[in-house]
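K.L.:
Please see the structure below; I have some questions.
The values are calculated or read from the model by the stated rules, or taken from the named source; none is laboratory data. Computed from a predicted structure; not experimentally measured. No Cβ is skipped: glycine too gets one built from the backbone with ideal geometry, and neighbour counts run over all protein chains shown.
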Amino acid sequence: MVGFALVLFWFFTAIFADTIAMYDPLAIASGMKNKVPGTPLPDGTGYYLLGGDGLSRDVFSRMVMGAREVLIIAPAATLFAFMVGITLGLPAGFFGGRLDIALSFLANLVLAFPVILLFYLLVTPEIVKTGIPKYLAAVLFLFPIIFLVILFNSRFFVQPPKRNIYIGITLIVGLWIYLGLAWNADPLGIVSMQPNVLIVFVSVVFVNSPTVFRIVRGIVLDIKTRDYVAAAQTRGEGPWYIMLWEILPNARGPLIVDFCLRIGYTTILLGTPGFFGLGVSPDSPDWGSTINHGRKLLSIYPHPALVPAIALMSLVLGLNLLADGLREESLRD
Amino acid sequence: MGCVMLLMVPAALIIGVLAGMREGSRLDRALSTLSIATTATPEYVSGVIFIAIFASSAVGLKWFAGTATSAMDQITFNNFTLPVVTIALYGIGYIARMTRASMAEVMTAQYIRTARLKGVRFRNIVMKHALRNALIAPFTVIMLQFPWLLNGVVIVETLFNYKGFGWTLVEAAGNNDIELLLACSVVAVFVVLITQLISDIGYVFLNPRIRIS
């Protein structure tokens, strides 16, 4: 319950960030540099509730706007990682054999690298210039589309008109977003992502998906021996229908719990490049880079760094407690 | 890193065993919450908080030094405590939770009940009967912590200005020095693979039920 409350608190903070934030997170008020919490503005229009930072910006507003940044990117990255992990993990566990060996080898290869090294390898300008992160994005962002297409195709295979509609919608919307996100070539110019945010996003997805792959594969190996899978096979269902509509819904318990845990972990991960000043733009109010800016004057003015630090900590703590609660719920029945 | 292991492993095991020996007790609840809280705190957050509390010259206690630069030449309690504690704290929670889970499982086993019915003292049951069996699972987890330790080392070395492996890595990335970066990766991956090998071999020694086919 405490976990749920904490997560909801930050969730609503992110939604209503525009209303809550009292000042523009990038606005600079003269005379407010490194002021302690609760200092009134010199022109008498209000207060900096949590003080001003090294560039005289409002710490409170930056924290609130940072919540929005974090709560958009972290769940989205986790969702993408899950799509990739599920799309690869299901066939690996279900078919086994050479496919399984090949995919597991790839996953172990990625897992052998310490996370931070992968970050550095992907974010360093010279490697960005070679285009590796971009191609990685192109490959990784395809997986959600593949996943949804297979999902609808296997479900409505016997009803071609309905199937065609669903797959058509998925392809049009999916490819549109795909072009916008991965290639920054959206024909309508609505969907786009800053290149540096894209790189961080891709690295996080890339780092997380092997772990999800392993979890899904393990669950599938367990579930595929159940009777209802055998029943579906006797009915003559195709392998993808069994995987996506028989096995996956029954694997949801552990996956949802892991999803919650992984959002927390992704939040930490997203803060890491911000902390090193990599990737995200230097002015961005996200918590990782705010901590990084604040730490330079940490021993004299601790509040600019301490506020986002506590915010990050409470969000991750909330997610962890929520995952624990969900696990107890799912074990009950 | 040795110091971190020296602090992290015993502390985590003690917390895990204390929490797991009476599942659901008040002590268990308190220690579990504590370990969740420490795993929820990334190094760059706990490091910042520690510096603010213990080293900040404005509001802090000024117990320890806020940088570990001087620890390059001479390691003292004053300049090395905060970095070590910062790295260790993140791992402690995780290992403690694993230890707690395996301890709680062992405590429900048949031979523990037999021992209790025989009239063995509770302390002896925990120390002699349960502990050895409960330590098999955490061993793997401890060895698997090495990749995370490397991760933490990079962050903490940057935060505390200690010029070690992580510092080299950050400098290499900052100077766009791909060769040095790749060399660092080779070293890191090598260390990780070695620890995985040790954990696989050690697992067989700890658990005689496992046979190599």
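K.L.:
Only one of these is at pLDDT 80 or above and facing chain B (nearest Cβ under 10 Å): A:ALA305, A:ALA230, A:ALA309. Name it.
P.N.:
That would be A:ALA309, the only listed residue that is at pLDDT 80 or above and facing chain B (nearest Cβ under 10 Å).
Okay, residues lined up against (1) at pLDDT below 85; (2) farther than 30 Å from A:PRO195 by Cβ; (3) among the acidic types (Asp, Glu):
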{"residue": "A:GLU246", "(1), (2), (3)": "no, yes, yes"}
{"residue": "A:LEU270", "(1), (2), (3)": "yes, no, no"}
{"residue": "A:ASP283", "(1), (2), (3)": "yes, no, yes"}
{"residue": "A:LEU297", "(1), (2), (3)": "yes, yes, no"}
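K.L.:
Would you call B:LEU89 out of contact with any His (no Cβ under 6 Å at 6 or more places or on another chain), surrounded by 14 or more Cβ atoms within 10 Å (Cβ to Cβ) and modelled with pLDDT of 80 or more?
P.N.:
So B:LEU89 passes the test.
K.L.:
Quick test for you: out of A:ILE256, A:ILE268, A:ILE219, A:ILE263, pick the one residue that is part of a helix (DSSP H, G or I), surrounded by fewer than 20 Cβ atoms within 10 Å (Cβ to Cβ) and under 24 Å from the mean Cα position of the chain (by Cα).
P.N.:
From the options A:ILE256, A:ILE268, A:ILE219, A:ILE263, the qualifying one is A:ILE256.
K.L.:
What about B:ALA183, is it within 14 Å of another protein chain (Cβ to nearest Cβ), surrounded by fewer than 17 Cβ atoms within 10 Å (Cβ to Cβ) and small (Gly, Ala, Ser)?
P.N.:
yes
K.L.:
In region A:96-138, how many are surrounded by 16 or more Cβ atoms within 10 Å (Cβ to Cβ), at the interface with chain B (Cβ under 7 Å from one of its Cβ atoms) and acidic (Asp, Glu)?
P.N.:
Here the count works out to 0.
K.L.:
Looking at region A:56-78, I want the residues that are on the phi > 0 side of the Ramachandran plot and have a partner that is at pLDDT below 80 and aliphatic (A, V, I, L, M) with Cβ atoms under 6 Å, at least 6 apart or on another chain. Which pairs are those?
P.N.:
Listed pairs, sorted by first residue: A:SER56/A:ILE28; A:SER56/A:ALA29; A:SER56/A:MET32.
K.L.:
Take residues that are more than 18 Å from the chain's Cα centre (by Cα), farther than 20 Å from B:LEU159 by Cα and more than 14 Å from chain A (Cβ to nearest Cβ) and tell me which of the helices (runs of 4 or more DSSP H) falling wholly in region B:1-55 contain 2 or more.
P.N.:
B:26-39
K.L.:
For A:ALA182, are the conditions met, namely being crowded, with 16+ Cβ neighbours inside 10 Å and closer than 30 Å to B:LEU181 by Cβ?
P.N.:
So A:ALA182 passes the test.
K.L.:
Now for a separate question. Take B:ALA58 and decide whether it is crowded, with 22+ Cβ neighbours inside 10 Å, farther than 30 Å from A:GLY3 by Cβ and modelled with pLDDT under 65.
P.N.:
Answer is no for this residue.
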